[in-house]
Amino acid sequence: MSSVERAYYVTTPIYYINGNPHVGHVYTTIVADALARTARTFRPAFFLTGTDEHGQKVANAAAAAGMSPQVWTDELVPRWQELFKLYHCSYDDFIRTTQARHVEKVQRVFEQLHARGDVYLGKYEGWYCVHEETFWLESKLVDGRCPTCGREVQWISEDDWFFRLSAYRERLIEHYQRNPTWVQPRSVYNEMMALLRDGLEDLSISRATFDWGVPIPRHGGVIYVWLDALLNYITAIGWSEDDALFNTYWPASTQLIGKDIARFHAIIWPAILWALGEAAPDLIFAHGWITVEGQKMSKSVGNVADPFALAQRFGADSVRYFLLREAAFGSDFSYSEEKISARYTSDLANDLGNLLQRTLAMVQRYFGGTIPAAPAESDLEHRFGGLAVKVRAELLELRFRDALESIWDLVATLNRRIDERKPWVLQKEGRRDELGSLLYDCCEGLRRLAILLHPVMPERTAEMWRQLGKPGLIDEDWSTSFAGWGRIAAGTRVSPGSSLFPKIA
Ligand code: ME8
């Protein structure tokens, strides 16, 4: 099978469980969900998310709350799962790094690396940033602080296991040269290439003086939290030669991350995979930040938005729409409730919600609530016949804003058509055929809109579908559901209901 037809596997970072989730965390998970839902319409797809539960950062958060790390993570995980459900994130699996299925496989990885001579025992003497869970060379510090987050670093001196990362430098450079789009966006690719050209140090992959992690069998100490965490992407799908899930889905199609963790995913991760005899993922996409007044939204800055409250105010699907529509995926973009509110009012309530409401109201008023006969031919088919293929490609290329703009072309066209042809005048003048054709086209257009928007707004489009009289399956294969104008059957009884996007208090 070519990689185009291959089963689709999408992952998010696994989130540190050192506090409550914020909008940044739900953002990456929503993006993964939109991709998984798109892929599922035409091929097998698997969507993985989860929580990163080991390490000093989580242990410190638990200690500050007066709890053992296990009790702390057990209490917090349901909150994250509840949030992802609230946002309709249809993950196929949620991995926790404290689960036995993961721990056992991480230990197996260590054994394998050890057996192959890819690890050796050495002395780590250097700096460590707990917030980033990262070892730093003295030369990389900025004013003696962590170059990523600016926090204080700790001096560490312990006997650790080292992974021969430096031995993979040539292969990494070659991989980058041969696959110029495997790390996106281009700015991150260039940044990684510069790091590789700078030279690679071997990586300490254990901690000897700290115990909240995966124990290293026979030797003692625990696995470094980043190695433990990265492995989730393969342990969750059963990493082993004879596991059907693993064979179907590895290598991953799209691994989504924020740009702060690109080095781990685009340099360390492929090297570890190669050491295990596995292939590197097809694509690492490092997206930008949601910012508030120019600063990255983060718990430590204290500028986080509560995603539970946002869903309550705007509805989860409207927040999903905003996050995918607001900026080209990859770049930073600024967030505010005013911006969500503006999009909600213009795009969702005035454009889409109003189109559904007035179309169904007129089907009700002029045709007794059943969809009138289809026109023999519709010019809309010429113009929008290729829309599904276009939108699918845009979504899978992570061009969410472009996809939504393409879809809104159809929304705007249908609204304009109603405004220009004035169905109330057609009715008054007895031009019933023209009136029927116009309303039929609007219903068929709305059917297509519901299908295309389903990956972005799964719940609101299900409601559109219900009001349209449930014409078939909303998530059927897009190409078949788009074959020819006229798939919504004349005579279907519509059931207009409450407004899709009601006024917000
Ligand atoms: O880094 N804007 O976990 P983490 C956009 N456990 N996305 C944001 C964001 C923002 N302001 N803030 C957070 C870790 N994110 C590790 C990952 S993976 C093997 C281990 C998103 O809890 C973004 O996806 O710090 C970022 O990479 C992730 O949350 C970081 O989550």
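The values are calculated or read from the model by the stated rules, or taken from the named source; none is laboratory data. The structure displayed is predicted, hence computed values, not measured ones. Note that we place each Cβ from the backbone using ideal geometry, even for glycine, and neighbour counts take in every protein chain shown.
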Output the residues belonging to region 491-504 that are aliphatic (A, V, I, L, M) and at pLDDT 95 or above.
494, 500
Residue 504 versus (1) farther than 18 Å from residue 371 by Cα; (2) in the same structural domain as residue 342 (by TED's automatic domain parsing): which is the lone unmet condition?
(2)
Give just the number: which of (1) at pLDDT 95 or above; (2) within 25 Å of residue 282 (Cβ to Cβ) does residue 240 not satisfy?
(1)
Restricting the search to region 285-304, which residues are surrounded by fewer than 19 Cβ atoms within 10 Å (Cβ to Cβ) and under 13 Å from residue 21 (Cα atoms)?
298, 299, 300, 302, 303
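Here is a yes/no grid of residues against (1) surrounded by fewer than 23 Cβ atoms within 10 Å (Cβ to Cβ); (2) of a type in the set (Asp, Glu); (3) at pLDDT 95 or above:
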site	(1), (2), (3)
436	yes, no, yes
443	no, no, yes
446	no, no, yes
451	no, no, yes
456	no, no, yes
464	no, no, yes
473	yes, no, no
481	yes, no, no
486	yes, no, no
Just checking, how many residues over region 300-345 are in a helix (DSSP H, G or I) and polar (S, T, N, Q)?
4
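Can you confirm whether residue 91 is touching a strand residue (DSSP E or B) at 6+ places or on another chain (Cβ under 6 Å) and either surrounded by fewer than 18 Cβ atoms within 10 Å (Cβ to Cβ) or within 23 Å of residue 209 (Cα to Cα) (or both)? Give the steps one after another, and end with the answer.
Working: touching a strand residue (DSSP E or B) at 6+ places or on another chain (Cβ under 6 Å): yes; either surrounded by fewer than 18 Cβ atoms within 10 Å (Cβ to Cβ) or within 23 Å of residue 209 (Cα to Cα) (or both): no.
Against the criterion (touching a strand residue (DSSP E or B) at 6+ places or on another chain (Cβ under 6 Å) and either surrounded by fewer than 18 Cβ atoms within 10 Å (Cβ to Cβ) or within 23 Å of residue 209 (Cα to Cα) (or both)), residue 91 does not qualify.
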Give, as residue ranges, the helices (runs of 4 or more DSSP H) completely inside region 197-277 that count at least 3 residues that are crowded, with 22+ Cβ neighbours inside 10 Å.
225-230, 232-235, 269-275
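Could you tell me whether any residue of region 343-361 is in contact with a strand residue (DSSP E or B) (Cβ under 7 Å, 6 or more places away or on another chain) and either closer than 19 Å to residue 22 by Cα or not aliphatic (A, V, I, L, M) (or both)? Spell out how you get there, then give the answer.
Initially, region 343-361 is screened for residues in contact with a strand residue (DSSP E or B) (Cβ under 7 Å, 6 or more places away or on another chain), giving none.
Among the residues of region 343-361, not one is in contact with a strand residue (DSSP E or B) (Cβ under 7 Å, 6 or more places away or on another chain) and either closer than 19 Å to residue 22 by Cα or not aliphatic (A, V, I, L, M) (or both), which makes the answer no.
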Mind counting the residues in region 121-139 that are over 31 Å from the mean Cα position of the chain (by Cα) and either closer than 22 Å to residue 263 by Cα or in a loop (DSSP other than H, G, I, E, B) (or both)?
7
Name, by its number, the condition in (1) modelled with pLDDT under 95; (2) within 31 Å of the chain's Cα centre (by Cα); (3) crowded, with 18+ Cβ neighbours inside 10 Å that does not hold for residue 165.
(1)
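If you check residue 276 against the conditions, is it under 18 Å from residue 89 (Cα atoms), of a type in the set (A, V, I, L, M), away from the ligand (no atom under 11 Å from the Cβ) and touching a residue at least 40 places away in the same chain (Cβ under 8 Å)? Steps first, please.
Working: under 18 Å from residue 89 (Cα atoms): no; of a type in the set (A, V, I, L, M): yes; away from the ligand (no atom under 11 Å from the Cβ): yes; touching a residue at least 40 places away in the same chain (Cβ under 8 Å): yes.
When the stated conditions are applied, residue 276 does not pass them.
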Determine which member of the set 281, 270 is closer than 16 Å to residue 163 by Cα, within 16 Å of the ligand (Cβ to nearest atom) and touching a residue at least 24 places away in the same chain (Cβ under 8 Å).
270
Within 13 Å of the ligand (Cβ to nearest atom) and not assigned by TED's automatic domain parsing to the domain that holds residue 170: which single residue out of 330, 315 fits that description?
330
